[in-house]
Amino acid sequence: MSVARVTPMPEDRLAAWRAGSADAGTPLPTDGELEAVELAVGDVVVGGALLGHTSEDGRRRTSVRRLQTTLDPGAAEPWAAVLAALEQHARARGADSVVTAVPPVLSGVFRAAGYLATMTTVSKRLDPDAAPELQEDRRVAVRAMTSEERRVFSAEVAALLRDGMARAGVLSGTSLGDLGDRVAGLAADPPPDGELLMVGLVDGVPVGRAWATLVTTDDGALDFLGNTLELFPEHRGQRLTPSFLGALRRHVQSLGVRDVHLRVYAHDDSARRTFLEAGAGIDDVHLRKDLV
């Protein structure tokens, strides 16, 4: 039976990890309360983890912000030992839960250890020379929200986000943190740079809303990070979502967007199927385990 342990990472190894990550274009996080640890199975160091510790509404949470390991995804017993050791370490820090996001290849070992998937990130690179996907019909058109529509959306979207995140297990308290501050800013006129706030219409009648953030990457490309997409209740069940997504796809392609990234709550199977059928791939799986 494998025995794993978690120990503080020496400063020289952390410095080397930071330097290597920066050179690879994936710098380690520096925000918040962070702790770097080494992971060992028996006498062999098999990697490291950068842990974040937060507290909200009297509950402590440990986030595995970055995980680097030489363990094979198929090594079930060593993985079980490492995850158990990480959980024990989090308990010792007073954590009530552990959360992380991992590549799909690792989601199995976490699920086997009792972690529940809360959300997946899906993405697709847009081919400017290809016909847009999701064009079963073009019933839905899109336009930018008016200032009044942004004001109403800013007032309503926090509850929408909180409900979806709580249902999926992403949210443990009531605060949306930095996301809540961004939501409040959406009512500004003009809206903050990079925030894309759109209305979907059928024959000129609003049927839904979408919010995304446009981000310029380090190599100068423009990426689309989807935050919310909703149909109004009276327009659901009419297969409008694919058409709405198709209209958004045409719009963002005209803006020069290269990659589209969307987060899908674990309970929203229909949305995930829609994206995957349109050729999107899964970037990572978000997981959570309660320790109490």
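The values are calculated or read from the model by the stated rules, or taken from the named source; none is laboratory data. Fair warning: this is a prediction, and the values are worked out from it, not measured in the lab. Note that we place each Cβ from the backbone using ideal geometry, even for glycine, and neighbour counts take in every protein chain shown. Side chains included, ligands, DNA and RNA excluded: accessible areas come from the protein's heavy atoms. Shrake-Rupley method; radii C 1.70, N 1.55, O 1.52, S 1.80 Å.
Of the numbered conditions (1) in a loop (DSSP other than H, G, I, E, B); (2) at pLDDT below 90; (3) crowded, with 18+ Cβ neighbours inside 10 Å, residue 118 satisfies every one except a single condition; which is it?
(1)
Do you know which of the residues in the stretch 237-259 that are free of Cβ contacts under 8 Å to residues at least 24 places away in the same chain and more than 28 Å from residue 219 (Cβ to Cβ) is surrounded by the fewest Cβ atoms within 10 Å (Cβ to Cβ)?
The residue in question is 237.
Inside the stretch 173-263, counting only strands (runs of 3 or more DSSP E) that do not spill past its ends, which hold 2 or more residues that are modelled with pLDDT of 90 or more and more than 19 Å from residue 140 (Cα to Cα)?
Passing ranges, in order: 205-216, 222-231.
Among what's in the stretch 129-143 and is open to solvent by 60 Å² or more (accessible area, probe 1.4 Å) and modelled with pLDDT of 70 or more, pick the residue that is nearest to residue 182 (Cα to Cα).
143
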